[in-house]
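Derivation of every value follows stated rules applied to the coordinates shown; laboratory data play no part. In this text the structure is predicted, and so the values were computed from the model without any measurement. Cβ coordinates were reconstructed from backbone atoms using ideal geometry, including for glycine residues, and neighbour counts include every protein chain displayed.
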Amino acid sequence: MGLFDMSGGGNMGYASVKNTMNFTNEDLLEKLSGITVSFGKPEMGDIKGTQAVMYRNVGEKYDVFVRINKKDVIMGKLAAGGASGMKSAMGMGLDMFLGHKDEETSIADRAVDELLEIVKKLESGEAVTESQQVSVVSNSGGNETALFMKQKAISIKPKFDVFDENETVVYHVEGDVTRLNFSIQKSGNEVLKLKKKMIAVMPEYTILQGGSEIGKIKKKLKLTRPELTGTVNGKELKIVGDLLGFDFDIQIGGTTIGHVDTARTVWSDCYRIRTLDASKQDLVVALAIICDNVADQQNDNN
């Protein structure tokens, strides 16, 4: 994706889709009003006199909009109360260049991506009643969970913990002296094991469960932003978003199973690991640890 490509996705905070169905703003409002999303309900509004469908107060700082712009459907975040979409997009670019993103920006950017996937389906003629985000959580009994991990966990020491908002330890991670093998333990029992193998300059990670390999992840050769590719349980793994800025989604087989970002908590230098389906929490934690290690190595190399 080029520097000025605004087609969207990947937690950019702005997106566009060709309006092949010739929707009007009124059409969008009617269709979106019947679709459940994780961030609110739509209403008709305007951005400095330009009509737009609005989702108000997505987080504390932002509104999210979608509207027709010539032959495209565009959507994005803007400051609650009314900055222009392009001004918000410029702010998004500044976030990317500075290499950081606050919690409220991350929430709004994910809402834009959630909306983008819905609009893509509508433009392809699909019937939609709820977003994928809502579907995954509802199908798992509404068991979305959030855990926290100190930044650069693997590089600091071969033993560390992942804990909940009450600072209760949920996972204990223990590595050997080489920092190439890590045991992920819950309630004193190993649930997953990570093995890191150095292949030239590109590390490769294997995830083991009960001694059997369930996943393999490898870093792609990139001069700037690192990318990970691999499979988990026979399905394609994607890390969507900003890995170095630690604001990304974890997707397996095209379904988002978790989000990782930097949380505003009482603890400093802390990542939040959110799992949409509690049954996949072990796996999301393991992938977050791998991403932390890859991002840390990339930052050191830069």
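I'd like the Karplus ³J(HN,Hα) series for segment 119-125: coefficients 6.51, -1.76, 1.60, θ = phi - 60°, whole numbers in Hz, and an x wherever there's a Gly or Pro.
5, 4, 5, 4, 5, 8, x
Along segment 23-39, what does the Karplus equation 6.51 cos²θ - 1.76 cosθ + 1.60 (θ = phi - 60°) give for ³J(HN,Hα), rounded to whole Hz, x for Gly and Pro?
Whole-Hz 3J(HN,Hα) from phi for segment 23-39: 5, 9, 4, 5, 4, 4, 4, 4, 6, 5, 5, x, 10, 7, 10, 8, 10.
Could you give each residue of segment 227-236 its phi-based ³J(HN,Hα) in whole Hz, using Karplus coefficients 6.51, -1.76, 1.60 with θ = phi - 60°, and x for Gly or Pro?
10, 10, 9, x, 9, 9, 6, x, 10, 5
Non-local amide H neighbours of Asn57 (under 5 Å, H modeled in plane, Pro and chain starts lacking H): which ones?
Asp63, Val64
If I model a spin label as a point 7 Å beyond the Cα along the Cα-Cβ vector, how far apart are those points for Gln51 and Asn189 in nm?
Reported label-point gap for Gln51 and Asn189 is 5.9 nm.
Can you pick out the pairs among Lys18/Lys219; Lys41/Lys121; Lys70/Lys218; Lys18/Lys41; Lys121/Lys280 whose Cα atoms lie more than 30 Å from each other?
Going by Cα-Cα distance, Lys18/Lys219; Lys70/Lys218 fall outside the 30 Å limit.
Using amide H atoms built in the peptide plane, which far-off residues or other-chain residues are under 5 Å from Thr36 H to H?
Amide H neighbours of Thr36, under 5 Å, 5+ apart: Glu130, Ser131.
What is the spin-label model distance, in nm, from Asp102 to Asp72 if the labels are put 7 Å beyond Cα along the C-beta direction?
If labels sit at Asp102 and Asp72, their model points lie 2.7 nm apart.
Treating cross-link reach as a plain straight distance, find the aspartates and glutamates whose alpha-carbon is under 13 Å from the alpha-carbon of Lys31, omitting any fewer than eight places away in the same chain.
By straight Cα distance, Lys31 reaches Glu43, Glu123, Glu126, Glu130.
Mind checking which lysines have their C-alpha under 19 Å from Lys220, skipping anything on the same chain fewer than 8 residues away?
The reachable lysines, counting only those whose Cα sits under 19 Å from Lys220, are Lys195, Lys196, Lys197, Lys235, Lys238.
Enumerate the amide H contacts of Thr231 below 5 Å, restricted to partners 5 or more residues apart or on another chain; note that Pro and chain-start residues carry no placed amide H.
The answer is Lys216, Leu237.
With r as the distance between the Cβ atoms of Glu126 and Lys41 and R0 = 25 Å, compute the FRET efficiency 1/(1 + (r/R0)^6) and round to 0.05.
Calculated transfer efficiency: 0.75.
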